[in-house]
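In what follows, a structure is listed as structure tokens, so that the remarks can point back to it.
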Amino acid sequence: MQIHSVASSSEGNSTLISNENTHILIDCGISLKALTAKLGLETVSQIDAVFVTHEHGDHIRGIGPFGRKYRDVPVYINEKSYQSCQHQLKNVNHQLIDNEKPVFVGDFEVRAFNVVHDTANAYGFFVTDEDLTHLCYLTDTGMITETTRRYIENADVLFIESNYDPDGLNEYMGYPNWQKERIRRTHLSNEQTIDIIREIGLDKFSRIFMGHLSPRTNRPHWVKASFNMAFPGRSEILQIAPTASAIEI
């Protein structure tokens with residue numbers, strides 16, 4: 001399995017998960033032009049399916065143009081999210097998916113699971129390849145539920161949001177108080193993400209991606225500093241998303 005986090009922030013999110021035979025994209029919150037520039041036309045044309053976490057713009061911005069250009073590629077989305085953004089997905093080959101029901105695409109099994117976010121419905125994804133490597137992909141959630149924790153515990157690789165630094169959010173003057181409260185309810189902070197990793201056990205994971213960083217209230221070096229303080233000498237398994245290229249798992 002290879003993971004290429006093409007974009008990962010409050011401005012746009014898109015991750016390619018692939019092996020020699022199968023290429024799936026989770027979210028396309030950047031333009032098709034930007035996606036093609038980052039991955040290359042050959043790779044983009046090989047994508048077998050797109051999976052949508054939820055309907056917010058930083059996750060679906062490019063899905064309409066992608067789906068209309070590559071009409072044979074299914075775009076998997078939950079019904080409530082589809083109803084909220086169907087005008088953007090006109091003439092897209094959308095396929096409805098259900099909570100915890102597997103979808104098989106080439107060498108991958110993809111299982112959606114509900115997460116807590118301020119949207120019609122939001123999913124994380126649990127991806128298993130032919131070698132039984134398990135990836136838990138989790139962004140845009142305000143809390144770790146029992147269901148979420150179960151999927152994290154069963155993963156070998158964790159891609160999890162680390163959206164804001166609490167001090168960075170408190171000190172940022174560009175947000176009114178109500179928006180700061182909304183972020184605290186609907187996203188995970190650096191500390192919350194590290195806490196769940198500590199509770200489950202760092203040694204459970206072969207690689208951890210921390211992503212969906214806000215460019216206004218977080219910084220990669222803040223995330224790394226928090227991780228290194230919690231897990232000294234273990235920085236080799238940490239990857240800050242996005243990544244410049246595909247990471248072999």
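Odds and ends about this structure:
- Residues within the stretch 25-74 that are out of contact with any Gly (no Cβ under 8 Å at 6 or more places or on another chain) and more than 21 Å from residue 186 (Cα to Cα), tallied: 26
- Within the stretch 184-219, restricting attention to residues that are in contact with a Lys or Arg (Cβ under 8 Å, 6 or more places away or on another chain) and among the β-branched types (Val, Ile, Thr), the residue that is farthest from residue 154 (Cα to Cα) is 196.
- Residue pairs whose Cβ atoms lie under 9 Å apart, separated by 6 or more positions or on different chains, with the first residue in the stretch 166-186 and closer than 18 Å to residue 118 by Cα and the second outside any helix (DSSP H, G or I) and among the charged types (D, E, K, R), are 175/216; 182/118; 185/118; 186/118; 186/140.
- Selection count, the stretch 31-62, where residues are more than 21 Å from residue 87 (Cβ to Cβ), in contact with a strand residue (DSSP E or B) (Cβ under 8 Å, 6 or more places away or on another chain) and of a type in the set (S, T, N, Q): 2
- Checking each residue in the stretch 126-151 for being in contact (Cβ under 8 Å) with a residue 40 or more places away in the chain and under 14 Å from residue 212 (Cβ atoms) picks out 137, 139, 140, 141, 142.
- Residue 189 vs. criteria small (Gly, Ala, Ser) and free of Cβ contacts under 8 Å to residues at least 40 places away in the same chain: yes
- Hey, residue 123 within 25 Å of residue 70 (Cβ to Cβ), modelled with pLDDT of 95 or more and among the hydroxyl-bearing types (Ser, Thr, Tyr) or not: yes
- Subset of the stretch 48-69 that is surrounded by fewer than 17 Cβ atoms within 10 Å (Cβ to Cβ) and over 15 Å from residue 13 (Cα atoms) - its residue that is nearest to the chain's Cα centre (by Cα): 65
- Residue in the stretch 164-183 that is in contact with a Gly (Cβ under 7 Å, 6 or more places away or on another chain) and closer than 18 Å to residue 56 by Cβ present: no
- Any hit, the stretch 165-186, residues being crowded, with 24+ Cβ neighbours inside 10 Å, of a type outside the set (Asp, Glu) and either in contact with a strand residue (DSSP E or B) (Cβ under 8 Å, 6 or more places away or on another chain) or more than 23 Å from residue 26 (Cβ to Cβ) (or both): no
- Condition met for residue 99 (over 22 Å from residue 243 (Cβ atoms), surrounded by fewer than 17 Cβ atoms within 10 Å (Cβ to Cβ) and under 18 Å from the mean Cα position of the chain (by Cα)): yes
- Residues in the stretch 17-35 that are surrounded by 18 or more Cβ atoms within 10 Å (Cβ to Cβ), of a type in the set (S, T, N, Q) and within 15 Å of residue 6 (Cα to Cα): 18 only.
- The residues of the stretch 14-53 that are out of contact with any Pro (no Cβ under 9 Å at 6 or more places or on another chain) and either at positive phi or of a type in the set (D, E, K, R) (or both), listed by number, are 20, 27, 40, 42.
- A Cβ distance below 8 Å, combined with a sequence gap of six or more or placement on separate chains, defines the contacts here; from the stretch 60-87, residues that are closer than 18 Å to residue 33 by Cα reach residues that are in a helix (DSSP H, G or I) and among the hydroxyl-bearing types (Ser, Thr, Tyr) in the pairs 70/45.
The values are calculated or read from the model by the stated rules, or taken from the named source; none is laboratory data. Since this is a predicted model, take the numbers as computed values, not measurements. As a convention, Cβ positions derive from the backbone with ideal geometry for all residues, glycine included, and neighbour counts pool all protein chains shown.
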